[in-house]
Amino acid sequence: MHLPDLNVAKSRIKKENKYINLEENYQKIFADKKYFLRTYGCQMNVHDSEAIRSYLESLGLTNTENIEEANVVVLNTCAIRENARDKVIGFLGKCKYLKKNRDDFKIVLAGCMSEQPDFVDDILKNHKYIDIIIGTHNIYELPKLLMQEFKKQVIEVYSNSDEIVEGMHYERDSKISAWVNIMYGCDKFCTYCIVPYTRGRERSRKLESIIEEVNDLKNKGYKEVTLLGQNVNAYGKDIGETFSHLLECVAKTNIERIRFVTSHPWNFTDEMINVIAKYKNIMPYIHLPIQSGSDEILKRMNRRYTKKEYLELFHKMKEKIPGIAITTDIIVGFPNETRENFEETLDVVKTCEFDGAFTFIFSKREGTPAAKMEDTISQEEKEERLQELNKLVNYYSNKSNQKLLGKVVEVLVLGESEKNKEKLYGYTDTYKLVNIEGPKTIIGKIVNVKITDAKSFSLDGEYVNEKVTN
Ligand code: 5AD
Ligand code: SF4
């Protein structure tokens, strides 16, 4: 079988920056056609889907939520865990059925799964009805491929090309809060993770291009940017820049709110902490995955820090950045994780009292080093550990939310709540979700909200008044 290969992934070379120019505009040749887009996975994928949307619309295609009336179905896939793959395979079955006897129904597979050679082999052999397979590196080629495709099956997966793409166009989901890619790929090669294979080596965008994009968003009225990278605080190492310098430059644009995900503890410097503490518009919120509390497991995960080092960093952040909220990611059931190893993780959760945590059972990704490690722990045991961990994690996120009860906090209001259209939703500076009772006119504004109820995953609140700006 054709699997992701560690040596191939590590030997990829970085290329020159590539500028995409959408001005050579594609004519609206598909103005009679509709597209259906489904996104799986992380924020990076959500943001990539904004680019996919932009390229489809540049061809004249219009969006539909009803897959049956679509002519182009795009699945932007995730490969991080096996169940993500199962979901996509299930959905492809439905697409195959819809495509029967239709020439004007094209299926595009995009995202991280397209960058897995074994998956592409499988598609070529067993899913011949898929028309286009496009990678994470070359989304901008979608218009060209679609134009060819309304003729034949096309595969363009740039596994070995690691360009830095500038000038990408995005059809952004929000007019208030925007994602901004600052770097692509990841060099960390954590032994369980598929990302360095699907997204390539770390490549940083030019600082000036990023600042230009943030200024442009600010001028368009955006209130918030979230700087994105698989390993966001490793920004700049390949171009003689630093993440702390970039953050400072972004802060000086005076955009109202700045966030960034995801940070690796190993790359977190004192300068970064100082910059975050210094600028009011850098939000006091850090997502800092720990993955495990056991030194033995951390070593086998290739995480490059010990429990003690993580805790030191954690406490330094808490001490230097007033009111900071910290969330994390945790994997249970890494190969041969003992009960004692797992208890070290529970111990860290008790010490840190995280504001929130995403928890996962280890999922074997073929081709990664961890997939070859011996594992004698049963799935049942892993599931029990996950439940035990979740109970503890929820207890602390609830505890952290309870602290806000009765308080008035600043919230950036993003829109109507999906569950209850009568209510609005937004986020506190510490990235806590608040469902708000208030007038629709506050959408897009930072307002004061009084917290009336606190649960594990969200808060309820009432609009008080607008934020006073100095
Ligand atoms: N199995 C389970 N969880 C994983 N993650 C990454 N790879 C795997 C895997 N093979 C988790 C990590 C990471 C988050 C995005 O997904 O916790 O931080
Ligand atoms: Fe995967 Fe994150 Fe590790 Fe990179 S740092 S290999 S993206 S878990």
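No value in this document is a laboratory result; all are computed from the given coordinates. The shown structure was predicted, so the numbers you read here are calculated from the model rather than taken from an experiment. Because the Cβ atoms are built from the backbone with ideal geometry, glycine has one as well, and the counts that use them run over all protein chains shown.
Counting only C-alpha contacts under 8 Å and six or more residues apart, can you give the relative contact order of the stretch 408-469 as a whole percent? Could you put the intermediate results ahead of the total?
Values: 143 pairs, mean separation 20.1, N = 62.
Rounded, it is 32 percent for the stretch 408-469.
Would you mind computing, in nm to one decimal, how far apart the modelled labels at VAL8 and GLU65 are, each placed 7 Å from Cα along Cα→Cβ?
The answer from the label model is 4.1 nm.
Rounded to the nearest 500, what is the chain's calculated 222 nm mean residue ellipticity when only DSSP H runs of at least 4 contribute -39500 (n - 2.57) each, over all residues?
Numbers: 13 runs with 153 residues, N = 470.
Calculated from helices alone, the mean residue ellipticity at 222 nm is -10000 deg cm²/dmol.
Just want to confirm a number: the relative contact order over the stretch 167-402, from Cα pairs under 8 angstrom separated by 6+ residues, in percent.
Details: 393 pairs, mean separation 39.6, N = 236.
Reported as a whole number, the value is 17 percent.
Roughly how many nanometres apart are two label points built 7 Å out from the Cα toward the Cβ at LYS467 and LYS364?
4.9
Which cysteines does the chain leave without a neighbouring Cys Cβ under 4.7 Å?
CYS42, CYS78, CYS95, CYS112, CYS186, CYS249, CYS352
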